Every structure is written in C-alpha cells, then in structure tokens.
Amino acid sequence: SSASFGPHTEGSRRSWGRRLCVRARPPSDTRGMASLGRAAVSGCRGGRRRVRPIDAVEVHGQQCCSFASYRQKPEAQAGKIAGLPEVRRLMEFREKLAQGSCALPEARPHAVTFQEAGLSGQDVQLALEAGLATFLLHAQSRVANFCGEGFYTIGPCGEELLGGVGLALRPTDASALHYRHLSTSLVRALRSGKSMDQVLLDRARGFCVSTQDPVGGGHHCLLGGGANDFLVTSTLASQSCPAVGRAAGLRLAHHLKIERPLLPPDAVSYVSLGDGSVNNAHFLSAINLAEYMQHRGFQCPVVFGISDNGLCISLKGNGWLDRFAEQRLGMPVFYADGNSLASVYKATRDAAEHARRRHVPATVIFSGITRRFGHAATDRQEAYLTQAEIEAAEDHDALAGECARAVAQGVASYPQLLGRLEELEGMVQKAFDEASEEPKITSREACLSFNCQPLVPKAQVAKEAAGLPSASKVPTTPQLMRQCMTLAFNELLEARKNLVYIGEDVQHGGYYRVTEGLHEKHGWRVADFPPDETSLLGVGIGYAQAGLVPIVEIPYAKYLDCGGDMFFEAVIMNWLSVGRKPCGMVIRLQGFDKGVFGGNYHTHNILHLPPGLDVVAYSNGPDYVRGLRHAVAQAAAGRVVMLVDSTDLLNRRHLFDKDDAWRRPYPVDHSDVMDFDEVTTHGEGDRLLIVSYGNGVPTALRARAALEKEHGASGIVVADATYLSGVPGGLVDLLPRFKAVLFADVCKMGQHPQAGQVCQLQAQGVLPAKWRSIAAVPTYNPLGSTLTFLSEEDVIKGALPLLG
C-alpha cells in the first residue's frame with residue numbers, strides 16, 4: 001500500500017535543493033549560486049527557457065527580488081532565502097528523511113495506533129501527503145512573500161496532522177476552517193477527487209492572489225473550494241455562529257422538504273478555530289446558541305474543533321483552554337493529541353458521529369500543538385518569546401514524528417517518504433511558477449462587479465410571482481401599514497416553502513404586532529431566538545448556506561450594532577467568494593426614526609450602507625408589500641436586502657386631521673412588485689422636487705401644504721425614493737424636469753444616505769443648478785421628545801431659498 005506515495009528517483013532527490021531555490025548550507029555560503037539560477041530557468045513550465053529581467057521591490061522595509069528573479073535566484077538573494085526559518089527547517093526535515101532519523105514521539109495522553117483508530121494504510125498515506133504538502137506550501141509562501149509575490153503568510157506548521165479531521169469528516173459534511181488548518185482542507189480536497197497537482201495550484205493561486213483562485217478569485221487567500229466548504233474571514237471566530245446556523249438549517253431544510261437543499265440531512269456542520277478564539281464574543285455566542293438549542297430540543301449537529309497551540313499570536317494561553325472547557329462547555333468534549341494523526345482522527349470521528357447520531361453539538365480539542373514558526377511573516381516573535389522558546393518550538397516537528405510512526409507501524413518507508421516529499425516539492429514549485437504569472441485584479445470595476453449577485457429584473461420577478469400559489473383571502477378594506485406587512489409576510493411564507501422568519505419576540509407578534517399570527521400558521525418557520533443579534537444574524541447566514549431564504553428581524557435599528565460584524569460578514573461574503581458563496585437574506589430593521597418611547601436606543605436614525613447591501617425604506621403599506629415581493633426574490637437569488645421600518649408609520653392612519661389617508665388597500669396581485677428604481681411622486685409642477693423616504697415622505701407632504709398655504713408656493717412635488725444604497729433610476733429620470741431639488745433625509749446629518757446619492761447625481765451631471773440637502777440633527781435622540789428628528793419646519797426652511 002505504501003507504493004501509493006508515488007515514484008521517486010535518485011535524480012529527483014538530487015534536484016531538491018535546486019527546486020526550493022536554496023541549498024542546505026549556512027546563509028553566508030553562496031557557493032554555486034549560478035547553478036541555482038540555471039535550475040530555475042530550466043524548471044519553467046513546458047521546459048521552455050524563459051529569462052525575465054530582475055526587478056527589485058520593497059518588502060517589509062528591505063530590498064528583495066521580484067517573482068521573476070525569485071525563480072532565477074540571483075546569488076545575492078539565495079543566502080537570505082536559505083536563512084528563512086521555515087526554509088531552513090524544511091531542509092533539516094529532508095535530511096532526517098534521507099538519513100531515516102526522525103525521532104519517534106513519546107507516548108502522550110489520547111495517543112492511539114493507526115490500527116486502534118481504524119485508519120487504513122491508504123488513509124495514513126493520504127494524511128501524510130497532506131502534511132508534507134502543508135509544510136512545503138508554507139515554506140514556499142514565505143519565499144514568495146520574500147520575493148514580493150506572495151501576500152499571505154499565516155503559518156500552518158505544527159498543525160499538519162489536523163489532516164486527520166479531513167479523514168474523519170464525510171465529504172458531504174459542511175466545513176469552515178480556521179486559516180491555520182490547511183492540512184484539513186487539503187485532505188478534503190483530495191478526497192473529493194481533485195488531483196494533487198490541481199490542489200497545490202489552487203493553493204498557490206491563493207497565496208499569489210491570482211484571479212484564477214477558485215476560492216477567493218484574487219480577493220483574499222482563503223481555505224475551501226469544495227461544494228460544502230464555507231469561507232472563514234480574518235475576523236476572529238466569526239465562522240462560529242454561521243456554523244450553528246448551517247447545522248440547524250440543514251435539519252430544518254430537510255424537515256420542510258425543500259426541493260434543492262444545499263446540504264444532506266445526515267450532515268454535520270464542522271467549524272474550527274484556535275484556542276485564543278474561545279475568548280471571542282462570536283464563539284461565546286455560538287456555543288451559547290448551540291447549547292440553548294439542545295436544551296430546547298432543537299436539532300443542531302455542529303462540531304467545534306479547537307486547536308490548542310498555547311499562543312494567540314503573542315498572548316500565551318496559560319492553560320486557560322482546559323479551564324474554559326471544564327467550567328463553560330456543557331456539550332460533550334472529545335480530546336485528541338494534536339501530535340498524533342490517529343488521535344486526531346479518532347476524536348474527530350467520535351465527536352462527529354455523536355453530533356450526527358443525536359443531532360446535538362459537540363467539541364473536539366486538539367491539545368499539545370506547537371506553533372513552530374511566527375504567526376505570519378510580520379510576526380516579531382523575539383518581542384514576546386525568548387530565543388530558547390523560539391528554537392524549542394522550531395525543534396518540535398510533529399510531522400517528522402508522524403513519519404517515524406508510519407515507518408514503525410509499517411505504513412511507509414523513509415525512502416518512500418523522501419521520494420514523495422521531493423515529488424511534492426517539485427509540484428509546489430511548479431504551482432507557484434504558474435500562479436505567479438496568472439492575472440491579478442487590476443481594475444476597480446472588477447472589484448465592484450462582485451459586490452453582490454446580479455439583480456433579478458423586475459419583469460422576471462413579476463412573472464415568477466404570478467406563478468406562485470395564491471395567498472389566503474385578504475381583506476379589501478384599507479389597512480394600516482403594519483397590517484399590510486403582516487399580510488405580505490403571510491403571502492410569501494405560503495408561496496415559498498424555503499422562506500423562514502427569525503427574530504426576537506416574533507412568535508407572539510413582536511413589539512409592533514407585525515408578525516402577529518404567523519407562528520400559529522407557519523410553525524417553526526417563524527421562530528424566536530435568544531436576544532443576541534450576533535448569533536441571530538449568524539444563523540441567518542447559516543440558514544442561507546443551507547438552502548433556506550431567511551428574513552431576519554432586528555428588533556430595533558440600534559441593535560444592529562450589537563451584531564455588526566455578522567451583518568458585515570453576510571454582506572461581504574459574495575465579494576469574498578467572487579459570487580460563489582452568497583448569503584442571500586432579507587434583514588428587517590425596525591425601531592427606526594421618529595418616536596417618543598425608548599429614546600435613542602429605540603428611535604435610532606443612522607444606517608449602515610456597506611457595498612453590496614440593498615437598503616430600502618418604504619413610507620406606506622402597499623409599497624412595502626410590493627417592495628417585499630421584490631426583496632425576497634432578490635434574496636432568493638443571493639442578494640442581501642435590508643428593509644428599514646419607520647416606527648411612526650406602522651400604525652399611522654391620517655396625514656391631515658382625520659383624512660384616513662395613510663390606510664390603504666392591500667395589493668392582491670402577486671405580480672405587482674416594486675423594484676429598486678421605482679420612485680413615486682405626489683403633486684404636479686416643475687418648480688421644486690422634495691426627495692425623501694420613509695417617515696420623511698409624510699413630513700414633506702405636510703411641509704408642502706404649509707408652503708402652499710403660508711407662502712403661496714406652487715409647483716412643488718414630493719418624491720418617495722425608497723432605495724437608499726444607490727441612486728434609483730426613477731430619480732435620475734425625474735430630476736431634469738425640475739428647476740430645484742431639496743433632499744430631505746430622516747437620518748442624522750453626516751450619517752445620511754442621501755449624501756452619497758447627491759455625490760453620484762452630481763457626478764452624472766443631472767442635478768439642477770439649485771439644490772440643497774437637509775437631514776436630522778447630528779446628535780442623539782432624547783426620551784419623550786421628537787426634537788432631534790427631521791421636522792416640517794426643517795423642510796420649509798430648506799425649501800424657501802430654493803423657491804426664491
């Protein structure tokens with residue numbers, strides 16, 4: 001079975017030093033550097049001799065070679081590269097394999113043999129190959145970084161044996177991996193049927209930020225690439241809550257019998273992180289929710305994998321993880337020796353099968369791991385570790401120890417291991433050669449194109465909506481805005497089996513009765529979650545990744561800040577994955593704008609507008625219904641849409657006196673949708689256009705009446721422009737008709753979305769010569785008063801100079 005390590009020749013071993021572009025000699029020894037240059041040229045793709053000029057770049061404050069000279073290896077650089085710790089230790093590892101001198105590790109707690117763990121020889125060989133490739137990729141990434149062509153150097157060395165996790169999980173299990181857990185990712189990719197050449201090339205593309213990288217497309221270096229692999233950002237532990245959402249979502253999707261679930265019903269959701277991340281609020285939210293769901297009897301097969309290397313960059317662990325697990329984790333905890341492939345495999349397999357069989361959360365801790373090198377190329381270990389500690393860490397070679405085990409247990413021989421190492425080294429070198437020459441992102445337009453999924457055209461939305469099942473009978477009499485909203489949510493929940501509604505206090509109707517009666521009709525598709533916006537939005541991400549379309553209700557606009565990072569993670573995911581892993585959802589943000597109850601925390605009027613997010617704010621019930629139909633269709637296509645509800649409008653009946661003007665009939669035609677470009681106008685004329693949204697619309701209408709009555713003004717039109725994260729097309733078409741325009745924004749000055757719209761309109765050359773922008777007062781909103789909100793007086797004061 002060991003023959004699967006592949007062919008090797010004496011010649012391939014002799015070429016090892018040349019492939020790595022360094023020799024196993026002290027940095028000061030530069031003998032024979034010309035031969036390194038020749039080897040680099042002859043080793044190019046297809047055997048073609050290609051010599052490119054040597055350029056210099058500045059990297060980390062020192063003059064280094066460009067990637068062209070990185071392959072050619074001028075004598076001046078070879079000694080420096082040879083002195084890189086990762087390169088030097090890799091050469092030592094090669095010599096150990098050549099001499100058959102890898103030390104067999106001492107027995108540790110949780111250590112088992114390959115046979116006791118149930119690992120076949122083929123399994124061990126696969127994991128060892130992934131471990132060898134992990135070491136080689138990291139060393140080559142450091143060389144590439146030194147030469148100015150590699151841009152990601154966070155090191156996985158010391159954690160090469162976590163490839164056992166990839167063996168223990170099923171290929172159909174969901175996986176979100178900490179950025180140091182490269183070996184797990186390699187094993188999963190190889191088990192999926194990808195060739196080693198392809199896997200290594202894809203990884204090199206990530207390090208070199210090639211646009212051909214199938215994971216990040218040149219936007220970022222990320223682990224993943226498989227259908228059930230989900231991306232992990234650099235935000236500490238932010239992968240945790242979405243993993244809980246995927247676990248719960250895959251079971252819910254199966255229960256709802258949706259047509260195309262993205263994960264099989266027997267999958268588990270695996271998520272890994274480092275020991276320092278257990279202190280982060282994201283992780284604390286995730287484990288709290290997972291254990292809460294188990295307590296409530298909800299199915300949530302999630303497995304948390306924690307690698308304990310005793311360092312969170314520079315902060316030492318001081319044994320905290322063991323104490324944390326003992327006093328904080330209520331779920332079962334499985335322990336593994338992180339220096340033993342068999343132990344890692346067995347503990348992960350047991351944890352995953354426990355979660356799979358019982359549909360409950362579990363944790364596996366990989367203990368005793370040593371981070372061999374600095375956190376990244378920029379890490380100054382000498383600032384927080386002694387030289388003795390640095391050297392001891394480098395000396396601790398778990399991969400070499402596992403090679404010794406493989407030889408001792410008859411799975412492989414040293415010549416086979418050495419031969420495969422050299423083969424892989426050549427493949428890694430070739431992968432970096434190719435990846436370095438592939439195109440990188442060179443235009444702003446390329447970045448912008450992946451902000452979000454393409455917009456589904458209005459006509460297509462209307463056509464598909466017309467074919468949806470009819471909603472229950474709706475009243476024909478005029479309705480309050482909140483009543484229209486309730487009817488709309490019910491309509492869409494009846495029409496779309498994969499639509500779910502989650503929030504806080506939503507089962508009994510919510511603070512404003514908008515979801516009243518929906519839980520009784522639709523069961524756990526309308527569900528309460530604990531009051532934690534981080535886990536709530538994280539579950540929304542996970543639900544979307546499991547094939548559901550979530551509507552996530554945030555009880556008050558200010559509370560979005562509590563889950564801010566999960567909010568931004570949901571929005572950026574399409575861009576980060578170059579459109580391959582969108583997190584389509586609708587975020588319903590209530591508790592916004594004018595009100596006398598709750599003060600600033602329940603009448604917040606600041607909005608976040610990150611790139612890729614669609615933000616809309618409606619002023620009346622029918623528009624909300626028509627807009628919601630459009631928003632849900634966009635979310636189903638992968639976009640993130642945020643609906644902002646003005647509290648003051650939900651129960652509004654009248655505009656003037658007792659006119660009942662704000663209660664309106666429900667639009668029963670499913671194909672009647674309102675897209676982001678539509679702008680509604682009130683009034684006739686061309687003298688002044690007042691542009692507003694949400695509660696600003698009735699405010700502007702009352703101000704217009706006062707201007708007409710008290711100042712004799714005429715020709716004033718109020719435009720209800722609901723789309724806030726861009727310029728609606730209807731507004732662009734409307735502006736040329738008017739002599740002047742007033743933008744009346746209900747958000748605080750300096751935080752108001754119309755400021756961005758004004759800039760875009762000015763750049764397009766469609767603003768009239770006379771225009772002004774007003775907004776709410778840039779302070780906080782006191783309890784019991786509407787003093788700080790946009791008022792009729794503000795609109796009148798802003799309009800008069802434009803009417804003069």
What is the chain's relative contact order, in percent, from Cα pairs under 8 angstrom and six or more apart in sequence?
11 percent
What would the Debye equation give as log₁₀ I(q)/I(0) for the range 253-328 at q = 0.12, 0.15 Å⁻¹, counting only Cα atoms as equal point scatterers?
-0.46, -0.65
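Going from most exposed to least, what order do TRP771, TRP524 have by accessible area with a 1.4 Å probe?
Working: TRP771 95, TRP524 125 Å².
Correct descending sequence by accessible area is TRP524, TRP771.
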Label model pair PHE656, HIS711: point-to-point distance (7 angstrom along the Cα→beta-carbon line) in nm is 1.7 nm
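Assign unit charges at the C-beta atoms only (+1 for Lys and Arg, -1 for Asp and Glu), then state the dipole size of the chain relative to its Cα centre in Debye, rounded to the nearest 20. Could you put the intermediate results ahead of the total?
Details: 82 positive and 83 negative charges, 301 e Å.
Value, rounded to 20: 1440 debye.
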Whole Å is fine, so just give me how far the alpha carbon centre of the range 180-226 lies from that of the range 274-329.
27 Å
Per residue, how large is the accessible surface of the range 526-607? Use a 1.4 angstrom probe and give square angstrom.
23 Å²
Cα convex hull of the range 468-538: how many Å³ per residue?
96 Å³
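Suppose R0 equals 45 Å; then what is the FRET efficiency for ASP505 and GLU389 from their Cβ-Cβ distance, rounded to the nearest 0.05?
Values: r = 52 Å, r/R0 = 1.15.
That pair, ASP505 with GLU389, gives E of 0.30.
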Regarding the range 155-302, what are the three Cα extents along the principal axes, ordered largest first, in Å?
46, 38, 28
With every protein chain in place, what's the accessible area of CYS447 (1.4 Å probe, Å², nearest 10)?
40 Å²
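Please report, as a whole percent, how much of the solvent-accessible surface of the chain comes from carbon and sulfur atoms (probe radius 1.4 Å). The partial results should precede the final answer.
Working: 15500 of 29820 Å².
Answer for the chain is 52 percent, counting heavy atoms of protein chains only.
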Nearby lysines by direct alpha-carbon distance to LYS458 (threshold 27 angstrom, same-chain neighbours under 8 apart not counted):
LYS473, LYS497, LYS581
Cross-link partners of LYS709 among lysines (Cα-Cα below 22 Å; sequence separation of 8 or more within a chain)
LYS658, LYS739, LYS797
Quick one: Kirkwood hydrodynamic radius for the range 618-674, alpha-carbon pairs, angstrom, one decimal?
12.6 Å
For LYS748, counting only aspartates and glutamates whose alpha-carbon sits under 12 Å away and dropping same-chain residues fewer than eight positions off, the answer is ASP593
Could you tell me the distance between the Cα centroids of the range 578-629 and the range 343-399, to the nearest Å?
42 Å
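What do you reckon, how do TRP320, TRP662, TRP575 stack up by accessible area (1.4 Å probe), largest on top?
Values: TRP320 100, TRP662 5, TRP575 60 Å².
Final ranking, largest accessible area leading: TRP320, TRP575, TRP662.
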To the nearest 10 degrees, the tilt of helix 85-99 (Cα long axis) against the first principal axis of the alpha carbons of the chain is 40 degrees
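Using DSSP, restrict attention to beta bridges with both residues in the chain and report what percent are antiparallel, rounded to the nearest 5. Show your work: numbers first, answer last.
Details: 12 of 69 bridges.
So the antiparallel bridges amount to about 15 percent of the total.
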Would you check the accessible area of ILE365, probe 1.4 Å, heavy atoms only, in square angstrom rounded to 10?
0 Å²
Charge dipole of the chain about the Cα centre (unit charges at C-beta), most positive-ward option of SER671, PHE789, ALA661
SER671
Given a 1.4 Å probe, how much area per residue of the range 385-511 is accessible, in Å²?
43 Å²
Relative to the longest principal axis of the chain, what angle (0 to 90°, nearest 10) does the C-alpha long axis of helix 33-42 take?
60 degrees
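Grab the Cα-Cα distance for GLU326 and GLU520, subtract it from 0.36 nm times how many residues apart they are, and report the gain in nm with one decimal. Show your work: numbers first, answer last.
Details: separation 194, 0.36 × 194 = 69.84 nm, distance 4.01 nm.
The span from GLU326 to GLU520 would gain 65.8 nm if fully extended.
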Taking all pairs of distinct alpha-carbon atoms in the range 396-492, Kirkwood radius in angstrom
21.3 Å
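Taking only the alpha-carbon atoms of the range 628-765, what semi-axes of the equivalent ellipsoid follow from 5 times the gyration tensor eigenvalues under a square root, in whole Å, largest first? Present the calculation step by step, with values, prior to reporting the outcome.
Numbers: eigenvalues 122, 90, 42 Å².
In descending order, the three semi-axes are 25, 21, 14 Å.
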On C-alpha positions alone, give me the angle between the axis of helix 621-636 and the longest principal axis of the chain, in degrees, nearest 10.
10 degrees
Can you pull the one-decimal nm distance between simple spin-label points at SER785 and LYS770, each 7 Å off the Cα toward Cβ?
3.4 nm
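Per residue and in cubic angstrom, what volume does the convex hull of the Cα atoms of the range 534-592 have?
Cα-based convex hull of the range 534-592, divided per residue, equals 66 Å³.
Under the classification rounded if a/c is under 1.5, otherwise prolate if a/b is larger than b/c and oblate if not, where does the range 268-413 fall, given a ≥ b ≥ c as square roots of the Cα gyration tensor eigenvalues?
On the way: a/c = 2.88, a/b = 1.36, b/c = 2.12.
In terms of gyration-tensor shape, oblate.
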For ARG380, what accessible area in Å² do you get when you roll a 1.4 Å probe over the heavy atoms of the protein chains, rounding to the nearest 10?
150 Å²
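Ranked by accessible surface with a 1.4 Å probe, highest first, in what order do GLU106, GLU160 come?
Working: GLU106 155, GLU160 0 Å².
Output order, biggest surface exposure first: GLU106, GLU160.
The values are calculated or read from the model by the stated rules, or taken from the named source; none is laboratory data. Remember, it's a predicted structure, so these values are computed and weren't measured experimentally. No Cβ is skipped: glycine too gets one built from the backbone with ideal geometry, and neighbour counts run over all protein chains shown. With ligands, DNA and RNA removed, areas are computed over all heavy atoms of the protein, side chains included. Shrake-Rupley method; radii C 1.70, N 1.55, O 1.52, S 1.80 Å.
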